[in-house]
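Quick notes on the structure that follows.
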Amino acid sequence: MFKKRKILLILFFSFLLLSSQPFAQQRETRPVTLEIIAENLYQISGGRGANGGVYIGDNGVLVIDSKMTKESVDQTLASIKKITDKPIVYLVNTHSDGDHIAGNQFFPKSVTIIAHENCREEFFHPRRDGEPSAWSAPEMAPYVPSLTYTDKMDIHLGEKTVELWYFGVGHTKGDTVVYFPEEKTAFLGDQIFMGRPQLIHSYKGGNSFAHVKTLAKMLKNIDAEKFCSGHSDPIDRNTIEHHIQEMKSIQGKVKSLVEQGKSLEEAKKEFEENHGRLVESIFNELKSMS
């Protein structure tokens with residue numbers, strides 16, 4: 001009965017999460033690969049789900065985000081085994097979107113899953129359509145983050161240290177920045193998108209104005225020179241700063257339209273079609289402030 005129920009849960013997750021992703025991502029068929037970022041630090045690309053990361057410490061391995069499907073997780077684990085025989089000790093979820101966490105259930109139970117405390121709470125929130133979270137099932141308990149933090153956490157892998165930072169609300173209200181100080185590299189999850197408008201999950205407590213402040217706070221507090229994210233190639237500090245200015249420009253334009261008494265649909269028409277979701281988030285945020 002247990003095995004049957006777990007199979008049904010896996011099928012449910014696969015249907016739910018694949019159907020909720022952008023069409024381009026659903027078509028993704030490239031195998032999982034590890035791309036070298038620095039010595040012992042890799043970006044996980046390909047497969048089903050967002051980009052992640054792998055760090056080989058002195059006495060164990062840390063993985064960032066978990067893809068979506070068993071096939072992609074199996075490929076990830078096999079790729080890691082090709083470069084090290086050290087065990088995977090930690091899995092960090094940068095936030096609670098399905099393309100970053102659905103694969104948790106396919107990692108060994110011995111792996112400690114870590115996330116910000118708000119992210120863990122979001123595992124149990126009802127879906128956007130109001131349906132209960134599948135993570136609440138008892139069988140899924142081993143795959144929900146068991147270790148959380150509030151502002152900052154240091155993870156020691158022998159003499160190597162990995163820093164987890166919470167700089168505030170942004171894409172969601174539980175986004176973690178994983179910072180590797182020796183490599184001056186940070187993994188941001190979905191705190192930045194390139195080649196498409198920024199996505200703000202308002203239903204998860206995300207906020208575009210807080211997002212701008214959070215990124216500025218991040219740049220002030222860590223010395224990262226390279227930034228890896230869930231759906232883009234690695235970028236530099238100047239690109240983050242440019243993104244902040246672009247966000248401020250869009251917010252300013254939406255604010256002007258709101259002050260003119262424009263409706264949401266009228267405001268959306270002033271932007272390219274693919275900006276619709278971001279404009280809606282900003283519009284609703286401004287309305288809630290008034």
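Scanning the stretch 107-134 for residues that are at pLDDT below 95 and outside any loop (DSSP other than H, G, I, E, B) turns up just one, 134.
Checked against the criteria, residue 248 does not count as in the same structural domain as residue 46 (by TED's automatic domain parsing) and not acidic (Asp, Glu). Could you list, in sequence order, all residues of the stretch 218-231 that are without any contact (Cβ under 8 Å) to a residue 60 or more places away in the chain and either of a type in the set (Gly, Ala, Ser) or under 16 Å from residue 172 (Cα atoms) (or both)? Scanning the stretch 218-231 gives 218, 224. Each residue in the stretch 233-252 was checked for being without any contact (Cβ under 8 Å) to a residue 60 or more places away in the chain, in contact with a Phe, Trp or Tyr (Cβ under 8 Å, 6 or more places away or on another chain) and either not hydroxyl-bearing (Ser, Thr, Tyr) or not in a helix (DSSP H, G or I) (or both), and 6 of them qualify. If a residue must be surrounded by fewer than 18 Cβ atoms within 10 Å (Cβ to Cβ), over 25 Å from residue 215 (Cα atoms) and hydroxyl-bearing (Ser, Thr, Tyr), how many such residues does the stretch 108-154 contain? Total meeting the criteria: 5. When we screen 157, 164 for residues that are in contact with a His (Cβ under 9 Å, 6 or more places away or on another chain) and crowded, with 16+ Cβ neighbours inside 10 Å, the only hit is 164.
For every residue, the table says whether it meets (1) under 18 Å from the mean Cα position of the chain (by Cα); (2) more than 19 Å from residue 117 (Cα to Cα).
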site: 169; (1), (2): yes, no
site: 194; (1), (2): yes, yes
site: 232; (1), (2): yes, yes
site: 261; (1), (2): no, yes
site: 264; (1), (2): no, yes
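Of all residues in the stretch 115-151, those satisfying the criterion of being polar (S, T, N, Q) and touching a residue at least 24 places away in the same chain (Cβ under 8 Å) are 118, 146, 148, 150.
For the stretch 256-290, the candidate set comprises residues that are more than 16 Å from residue 208 (Cα to Cα) and among the acidic types (Asp, Glu); within that set, the residue that is surrounded by the most Cβ atoms within 10 Å (Cβ to Cβ) is 270. Evaluated against (1) in a helix (DSSP H, G or I); (2) buried (at least 20 other Cβ atoms within 10 Å of the Cβ), residue 71 falls short on exactly one condition, (2).
Just the residues that are buried (at least 18 other Cβ atoms within 10 Å of the Cβ) and among the hydrophobic types (A, V, I, L, M, F, W, C), please, taken from the stretch 78-100. Result: 80, 88, 91, 92. The residue of the stretch 209-238 that is farthest from residue 250 (Cα to Cα), among those that are small (Gly, Ala, Ser) and at pLDDT 95 or above, is 224.
The values are calculated or read from the model by the stated rules, or taken from the named source; none is laboratory data. Predicted, not measured: the structure shown is a model, and the values here were computed from it. Because the Cβ atoms are built from the backbone with ideal geometry, glycine has one as well, and the counts that use them run over all protein chains shown.
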